[in-house]
Amino acid sequence: MKIALMDSGIGLLAATDAVRRLRPDADLVLSLDPEGMPWGPRTPEDLTERALAVAEAAAAHGPDVLIVGCNTATVHALPALRARLEPGIPVIGTVPAIKPAAAGGGHVAIWATPATTGSDYQRNLIRDFADGVPVTEVPCWGLADAVEHADEAAIDSAVAAAAALTPEDVTTVVLGCTHYELVAERIRAAVQRPGRPPLVLHGSAGAVAAQALRRIGSAPAPDATPLGAVTVLLNGREGALPAPALAYTEGRLLAAAGTVS
């Protein structure tokens with residue numbers, strides 16, 4: 001089994017880790033766009049063009065399925081990616097976990113990039129899955145870029161700024177950008193209010209990994225022998241994980257496996 005994941009940068013690490021937990025025997029292809037990151041500020045047309053190039057680089061390695069490990073790319077490029085690669089290679093997008101978050105019934109905050117916050121895409125998800133539940137959209141200025149570069153001071157500043165925009169009575173936070181899952185506990189610590197019930201965080205990585213297996217008719221096998229190799233593509237060329245990936249548990253686990261090429 002071979003599973004490919006794509007993103008502009010290391011935001012795909014959360015989904016990669018989730019895939020490895022479900023199928024440690026699967027070979028992985030991680031396709032990144034270091035020359036074009038970040039994707040967030042790009043026009044939808046430019047982003048789609050770059051996403052197609054990154055996806056085609058992964059497709060050349062013959063994966064059984066491709067995971068778009070990026071919310072922004074899913075918003076703008078998923079139809080084009082599916083038109084180009086399916087039915088030969090199923091393409092799985094990453095959608096903010098608004099539906100399970102709203103099921104809790106409390107006040108929900110959706111932390112997302114400024115480009116996604118207030119977008120028709122996100123507003124439609126809120127309408128469809130959180131009707132009747134109080135929802136606050138929180139733009140997280142600079143957080144994805146800070147996480148991408150493992151800039152500790154910038155991460156702290158961006159998290160604090162987004163926490164200040166998050167209402168006191170929020171019970172649940174949706175992590176609406178895959179980069180944010182890499183600093184989930186820092187977000188929890190910043191938003192948790194004294195005397196309030198424990199904050200609930202909802203990311204997308206686990207659901208995306210499970211959906212990828214379902215699409216190819218494979219069952220989870222978390223106890224399988226962890227022999228799956230990892231190929232890293234940097235703008236289509238084989239390389240190593242970007243150095244900032246090692247600042248996060250998910251990146252260190254991949255490197256420690258000794259199978260990254």
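Of all residues in segment 222-240, those that are over 27 Å from A101 (Cα atoms), in contact (Cβ under 8 Å) with a residue 12 or more places away in the chain and either assigned to a helix (DSSP H, G or I) or open to solvent by 30 Å² or more (accessible area, probe 1.4 Å) (or both) total 9. When residues in segment 115-140 are screened for being under 22 Å from D169 (Cα atoms), open to solvent by less than 60 Å² (accessible area, probe 1.4 Å) and not hydrophobic (A, V, I, L, M, F, W, C), 6 of them pass.
Conditions (1) open to solvent by less than 30 Å² (accessible area, probe 1.4 Å); (2) at pLDDT 95 or above; (3) hydrophobic (A, V, I, L, M, F, W, C); (4) under 22 Å from M6 (Cα atoms), marked per residue:
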position: D156; (1), (2), (3), (4): no, yes, no, no
position: P167; (1), (2), (3), (4): no, yes, no, no
position: I187; (1), (2), (3), (4): yes, yes, yes, no
position: P194; (1), (2), (3), (4): no, no, no, no
position: A205; (1), (2), (3), (4): yes, yes, yes, yes
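One residue alone among A83, A60, A18 is surrounded by 19 or more Cβ atoms within 10 Å (Cβ to Cβ) and hydrophobic (A, V, I, L, M, F, W, C), and that residue is A18. Within segment 39-53, the set of residues being in contact (Cβ under 8 Å) with a residue 60 or more places away in the chain and either over 22 Å from G239 (Cα atoms) or surrounded by 21 or more Cβ atoms within 10 Å (Cβ to Cβ) (or both) comprises G40, P41. Every listed requirement among (1) in a strand (DSSP E or B); (2) loosely packed, with under 15 Cβ neighbours inside 10 Å is met by R252 save one, (1). Looking only at segment 24-42, residues that are in contact with a Gly (Cβ under 7 Å, 6 or more places away or on another chain) and either among the hydrophobic types (A, V, I, L, M, F, W, C) or under 24 Å from G88 (Cβ atoms) (or both) come to 6 in all.
The values are calculated or read from the model by the stated rules, or taken from the named source; none is laboratory data. Values in this document were obtained by computation on a predicted structure and should not be read as measured data. In this analysis, Cβ positions are derived from the backbone assuming ideal geometry, glycine residues included, and neighbour counts consider all displayed protein chains. Surface accessibility is based on the protein's heavy atoms, side chains included, excluding ligands, DNA and RNA. Shrake-Rupley method; radii C 1.70, N 1.55, O 1.52, S 1.80 Å.
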